[in-house]
Amino acid sequence: MDTQITNKNPQMRYKQRKEEKPLMATGLSYNKSKALRDRLYALIFLGPSLLVLIVFVFFPMFRTLYLSFFLTNNLGKPTVFIGFANYISLLSSSAYLHSLQATFIYVIAVSCLTLTLGLLLAQTASQKVRGISFFRTIFSGTMGVSVSVAAIFWLFIFNPSVGMLDQLANLLHLPAINWLTQPGWAMTAVVISTVWMNLGFTFLIFFGAIQSVPSTLYEAAQIEGVSKIYQFFHITLPMISPTLFFVSIITLIESFKSFGLIDLMTAGGPDNATNLLVYRIYQDAFLSGNYGLASTESVILALIIAFFTFIQFKVLEKRVNY
Amino acid sequence: MKKINSYNSRPLLFLFLICIVLLTTLTGCSSAKADSKIQITFWHEMTGPAQVQLEKFVNEFNKSQNKYTVVPQFEGNYNEAVQKILNTHGTSASPAVFQSMDISTSQIYNSGYTTPVQKFINADNYNVNKISAVARAFYSKNGQQLSMPFNTSQPVLYYNASLLKKYDITPPPVDPSYSDISRVAQQLYARSDKKVKGLSVEIYGWLFEQFLANSGESLANNDDGHSGTPTAVNFSGTTAMTTMKWIQENIKSGAFMNYGSGSNAPTNEMAGFLSGKLGMFLQSSADISQLTAGTEDKLGITYYPHPDGQKSNGVSIGGASLWISNDKSRKVQRGSWEFIKYLMRSQNQAAWQAATGYLALNKDSQKEAVLQKLYQKNPAARIPSQQLARTVPNNTNSGIFMQGLIQERTLTQTAMEQIYDGKNIKSSLQDAEKQMNSYVKSLNQANK
Amino acid sequence: MGIELSNISKSYDNQNWTLKDVSVQIRSGEFFTIVGPSGCGKSTLLRMIAGLISISNGTLKIDGRDVTNLQPQERALTMVFQNYALFPFLDVKANVSFGLKARKMQSAQINERVANALELVGLSELKDRKPRELSGGQRQRVALARAIASDTKVCLMDEPLSNLDAQLRSKMRSEIRELQQKLGITLIYVTHDQVEAMTMADRIMVLHAHTVQQIGTPSEIYQHPANAFVAQFFGTPRMNLLSVHYASKNQRHLKFDSYIDYLLPRDIEDGDYFVGIRPGELEIHTADKANAVIKNIEYLGTQSIIHAVLDNDMEIRITTSKNNTFCLNDHVQIRATNTYFVFDSTGKAIFFNKGDVQNGYTDHKQEPANAL
């Protein structure tokens, strides 16, 4: 390039050089080595977590997918490749569809109740009333309760011979309900217990969110003569909508994954009324040793959760951002 | 079969596992230093008094000779232990001798991971006739003893004798029929002004299996698997129909109490019985010590009930047996056998029954002072042993030699739940049967 | 829409008074400013007028109607907040119409009012934006528009400009003032900024230490402060307050040194006094006979503020338009003019002298308490 310009205006040539040089001489090679170095750094920093992810997330994920296409023998080893037969037999099995239905009922009931009650408690606790801090402590109390303790607590309440509810019914001359042995009631009992377990956390998160709404918003509304209920729906709810969104997703996913209370309270019964998808997976894998089928169920469950989360993002995202 | 071991301990499992890891590392270190005895790792799933007594036996065995050291390790509940046994085989972590539950027999046998105890019985000319035939039959295949029955129970009917006396009701006979039981249940419910429920039958696959056994009906084809791998099951035969009808009638009359299924059911059932709100229930003979300790009421026991108009065929057993792994050296296997023999001694079996409620399997145990004393104090305690002794083993009362029995229990329990909830008996049972048959099909395909 | 406060008091425990005996009559269409340092109770007073905080004692009348125990919405007023109190999830238009919608007003009427209000504050173009897409000044205008749209004759403002930068603040000052004039509303405006109070208000109420210090027009307050606190609160830089002991043997002289020596036109009692001198009412010279040393100079362009220490160790502030004349540590001569205030030991103004004008000045309605 230089040679071409030599016979032209020297000033121009100088100018040209001044502009080109950094680009040509150092610029490119510098960029190249920098890119390489950046990549190396990226690898060094991401490597360990990538390794952990591969070993503990990706490998089990693909292994599960792989196993779902096999029959497994009594030692848990895949022996016969059967393609989608596991999927087909599951989706055509009335028992599995029953579980699916029970799971949806459970998840919807638990999510709705947890969100509604959590919000209600948080709103109540946000009132400036004397002694409200006592209730705040009470409301958040279930945060510290472990699943096993909660199960014991509720089993005692639902106990058919010596339970509190039974005695209460007795006292009021109402017919005793066999909470955990009648399908409809068992689901109710499990939902109540789960919601109770969830409430502490949900309450605390909602309470924090409500507290962080500037009080002047309410004052401004109050001066304009806006009713308390209108304030709740048109100020509080939109203001805490990001939290609402977060909690609803967490609650939904968590209730899809419910295991402990089910295991301890009903073990999936009666008549599979509370045999949720996760519990079925546990039974098939760890009790029956049927890993192929359990893997198939896991894949289906993962797809369902992914689908619901996707829907939630799509529907709620628009309403949340402000 | 004592279910406390298989269900109740799940929340504590992880804690126990951690303790065991610590304990094994500690004991491992000390024993390696202390002596050059052959170490025999023994996996079991016993909790409570049974665990205490078992560890006592281990200590006594270790002291009684100087060739072997048995190291007991608790492995959680029955179901999980099976998976662990199968998954550790061939590694240094695997046990030399292990306890595995009744319904895992076919699965363990088919794994090919064990040395049948028959080999040692033959080598020693060990007199197995001293050991209960019904119990042995459960763990044998083609006349060959696969494992040694250990903690063994039989289902019986318990009744509150004091309560029956209070309401002036004639107790059920020792070998009752369904209608005998119904009669007592109805009377108790009526005469107590509906305050006391007459009868409870836990929703439990084991009890379902026993109804079939006691009337001599096979649950699986190929003679309950004793003459070949089963390919189909029978949940909706005559006996199942009769029995479920009997239960549903009692439910309709109000005299029956449904405690449901799962780990809480037996706990609630026992609480109901001990608090005088329940008159009779079917349960494992291993509950006897808890039942006598928990109440001042007099406890009555009968044999397992049978359908009307036929003789009882006798029930099979429940519980677990002891297996010897074949991935250990001959010396270690030999030591395992010596330990098993030690446990089966008549005085040890007597002590076992007295301490746990599991039945003494050695026929000589009945003469031991400790059992004589027990029977003197509580004559009803003799009933389970008598039931065991009078039963002549045949293909229908020697357990079901089939894989996938956990699934079988899950399915029969679901059917029972439906029936207890008032659904149609025939369709509930047939539905479960259909599901089990397709499960058996794929199981056989996978394990070819 | 006059507002009458009679002995308004606030206490949360009936022992400690956040506010005590505030009385004033605010005239219809008046721009009334409540000013005071932070913690003086001015926001509390405003919120009591709004009805957001209950009134412990006293009565409040708006347009002759006793509203002491009425709910905020029954008082027919509107309020603008320091943080604007805009709803972040609503656009400008919806923010302005929020209250109207909640009260189920007809939509045609709402649209008209909103359009009108936005027009008045010059935000018609931005009516579809969300608050986060607006600048601070624009947000404040949305808040103003909301107040305008509610169409009440009384408006309360709680430090509406304190979140804005200085330039914008002065612009908004005049805008608010203009709007108030145009709409003819009665405006009660709370601020801690004496400049805002002086420049905007028809009348000012000075609050300090839970009590009213003085109520008056800006010039009254500046010219005739009721006490040392008010005197010092208004005016930049702050008034110099020099403590002095007077005895009759001094023969009417309040003497600090030979150049700062005031001759009282009449006799006062023996005792301790404060003499207040505004920094502009002192002269500073370079002279051979100096009585002070310059410690700091703040150059402000048209004038400078000079901090000096007198030979008798008294610190003093002087403003002078003689820029670039003085340097740090210069020895200068500081001389008094004949304009000064005299406060008694409690801070109460008893006397002022302005060139030729003299006044005993003791006829305040409010007794200043515990000033200083």
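The values are calculated or read from the model by the stated rules, or taken from the named source; none is laboratory data. Note that this is a predicted model, so its numbers are computed, not measured. Cβ coordinates were reconstructed from backbone atoms using ideal geometry, including for glycine residues, and neighbour counts include every protein chain displayed. What goes into the accessible areas is simple: the full protein's heavy atoms, side chains included, and nothing from ligands, DNA or RNA. Shrake-Rupley method; radii C 1.70, N 1.55, O 1.52, S 1.80 Å.
A few points about this structure:
- Taken together, C:Ala108, C:Ala115 contain a single residue that is open to solvent by 30 Å² or more (accessible area, probe 1.4 Å), under 23 Å from C:Lys182 (Cβ atoms), in the same structural domain as C:Asp165 (by the TED database) and of a type in the set (A, V, I, L, M), which is C:Ala115.
- Leading residue by the ranking (surrounded by the fewest Cβ atoms within 10 Å (Cβ to Cβ)) among those in the stretch B:366-400 that are more than 21 Å from the chain's Cα centre (by Cα) and part of a loop (DSSP other than H, G, I, E, B): B:Asn378
- Candidates A:Gln231, A:Gln211 - the one that is under 30 Å from C:Leu144 (Cβ atoms), of a type outside the set (Asp, Glu) and over 27 Å from the mean Cα position of the chain (by Cα): A:Gln231
- Of the criteria (1) away from chain A (no Cβ under 14 Å); (2) more than 21 Å from the chain's Cα centre (by Cα); (3) open to solvent by 50 Å² or more (accessible area, probe 1.4 Å), which one B:Asp175 fails: (2)
- Residue that is in contact with a Ser or Thr (Cβ under 6 Å, 6 or more places away or on another chain), assigned by the TED database to the domain that holds C:Met105 and of a type in the set (Val, Ile, Thr), where the choices are C:Thr199, C:Thr191, C:Thr186: C:Thr186
- From A:Val226, A:Val195, residue being assigned to a loop (DSSP other than H, G, I, E, B), open to solvent by less than 20 Å² (accessible area, probe 1.4 Å) and in contact with a helix residue (DSSP H, G or I) (Cβ under 6 Å, 6 or more places away or on another chain): A:Val226
- Single unsatisfied condition, B:Asn127 versus (1) open to solvent by 10 Å² or more (accessible area, probe 1.4 Å); (2) in contact (Cβ under 8 Å) with a residue 40 or more places away in the chain: (2)
- Some residue of the stretch C:87-101 being in contact with a Gly (Cβ under 7 Å, 6 or more places away or on another chain) and open to solvent by 60 Å² or more (accessible area, probe 1.4 Å): no
- C:Leu70 more than 7 Å from chain A (Cβ to nearest Cβ), open to solvent by less than 30 Å² (accessible area, probe 1.4 Å) and either assigned to a strand (DSSP E or B) or at pLDDT 90 or above (or both): no
- Filter pass, A:Ile300 being surrounded by fewer than 20 Cβ atoms within 10 Å (Cβ to Cβ), within 14 Å of chain C (Cβ to nearest Cβ) and of a type in the set (Val, Ile, Thr): no
Let's see how each residue does on (1) modelled with pLDDT of 95 or more; (2) open to solvent by less than 70 Å² (accessible area, probe 1.4 Å); (3) in contact with a Phe, Trp or Tyr (Cβ under 7 Å, 6 or more places away or on another chain):
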residue: B:Ser6; (1), (2), (3): no, yes, yes
residue: B:Leu13; (1), (2), (3): no, yes, no
residue: B:Thr24; (1), (2), (3): no, yes, no
residue: B:Cys29; (1), (2), (3): no, no, no
residue: B:Ile38; (1), (2), (3): no, yes, yes
residue: B:His44; (1), (2), (3): yes, yes, yes
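- Residue ID - nearest to A:Trp154 (Cα to Cα), chosen from residues in the stretch A:210-239 that are in contact with a Ser or Thr (Cβ under 8 Å, 6 or more places away or on another chain) and within 14 Å of chain C (Cβ to nearest Cβ): A:Val213
- Of residues in the stretch B:243-280 being under 22 Å from the mean Cα position of the chain (by Cα) and outside any helix (DSSP H, G or I), the one surrounded by the fewest Cβ atoms within 10 Å (Cβ to Cβ): B:Ser263
- Listed by first and then second residue, the pairs linking a residue in the stretch C:50-66 that is more than 14 Å from chain A (Cβ to nearest Cβ) to a residue that is assigned to a loop (DSSP other than H, G, I, E, B) and modelled with pLDDT of 90 or more, with Cβ atoms under 7 Å apart and 6 or more places separating them unless they lie on different chains, are C:Ile55/C:Thr68; C:Thr59/C:Thr68; C:Leu60/C:Val67; C:Leu60/C:Thr68; C:Lys61/C:Val67.
- A Cβ distance below 8 Å, combined with a sequence gap of six or more or placement on separate chains, defines the contacts here; from the stretch B:37-55, residues that are in the same structural domain as B:Pro95 (by TED's automatic domain parsing) and over 19 Å from B:Ser325 (Cβ atoms) reach residues that are assigned to a strand (DSSP E or B) and among the aromatic types (Phe, Trp, Tyr) in the pairs B:Thr47/B:Phe74; B:Gln51/B:Phe74.
- Any chance A:Ser148 is under 29 Å from A:Ser288 (Cα atoms), in a helix (DSSP H, G or I) and touching a residue at least 40 places away in the same chain (Cβ under 8 Å): yes
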